[in-house]
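Each reported figure results from applying straightforward, stated rules to the coordinates on display, with no laboratory input. This structure is a prediction, so every number in the text was calculated from the model and none was measured. In this analysis, Cβ positions are derived from the backbone assuming ideal geometry, glycine residues included, and neighbour counts consider all displayed protein chains.
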């Protein structure tokens, strides 16, 4: 394991992302949908990033090459959320989330075949354990239309592009708030434009809905997004993608504690296997490096 601090940052980000469904569920009763939630969370993030940048006197202007890279990263980031939301119309939410979380495997494959990164037998076994745990977590329910399966898998692939691109272009080495600003501008412009062209309802009524979106914007878009960037900077693309798989575990536990949803014994076994896989991968990194950097 490279750095304890970065691991903790990614776990905190995953925890915040994990509670997001419970936070925004109320907004859907007031006109929220995948397009307008993604748009408003990005649009509301822009002034937050600007205030942080101006107050802390971080660089606001990037070279054209870096702006272009931020645009590509922003499109990949946008694709992750939009494709996942669109898949909900065809398959159950749990199945969609399960398929989306193939990205630790796809990130590993991309790093290996495209960039020559090597993974020991322990990591290969850990990824296999992870996939079994994820299947158990959602009870093996594979019902629904093929369109939903394709959209959910593409969502995971979009995250793969996002994580690997940030790592390999060096964009994760830049100021995280400036990168976040440019990325969210791209997300806001494209989701807003697509929503208008597709005539998607973009109006949300009721302060309860706006309150949920505002909280999610601060905690999930700004804080979590920044922590993930810091994690990729210090750990590369693979380990943060694995650590972030605690998100569905936390989402399930949040649903149990906050919404009163039941957690079956099979799902409990799935949680245990996912956590075991994460520990195996962390131990593999620790054993490879020989010590823990702090």
Checklist outcome for this item: Most exposed first, judged by fewest Cβ atoms within 10 angstrom, 61, 19 run 61, 19
Next on the checklist: Need the full-extension length gain, residue 54 to residue 67, defined as separation in residues times 0.36 nm minus the C-alpha distance. One decimal, nm.
Outcome noted: 2.9 nm
Checklist entry - Modelled label-to-label distance, residue 122 and residue 275, 7 Å Cα→beta-carbon offset: nm? => result 2.0 nm
Checklist entry - residue 211 versus residue 199, label points 7 Å from Cα toward the beta carbon: distance in nm? => result 3.5 nm
Item to check | Potential lengthening between residue 264 and residue 5 on full extension [0.36 nm per residue; Cα-Cα distance subtracted] | outcome: 89.9 nm
Checklist entry - Among 168, 66, 265, 183, which comes first, then next, by fewest other beta-carbon atoms within 10 Å? => result 265, 168, 66, 183
Checklist entry - Is the shape of the range 50-91 rounded, prolate or oblate, going by the alpha carbon gyration tensor and its root eigenvalues a ≥ b ≥ c, with a/c under 1.5 for rounded and a/b larger than b/c for prolate? => result oblate
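Using a 10 Å cut-off around each Cβ, can you sort 221, 233 from fewest to most neighbouring Cβ atoms? Please report the intermediate quantities before stating the final value.
Numbers: 221 28, 233 20.
By the 10 Å Cβ count, ascending, the order reads 233, 221.
Ranking request for peptides 267-280, 116-129: highest mean number of other beta-carbon atoms within 10 Å first, then the rest in descending order.
Averaged packing, sorted descending, gives the order 267-280, 116-129.
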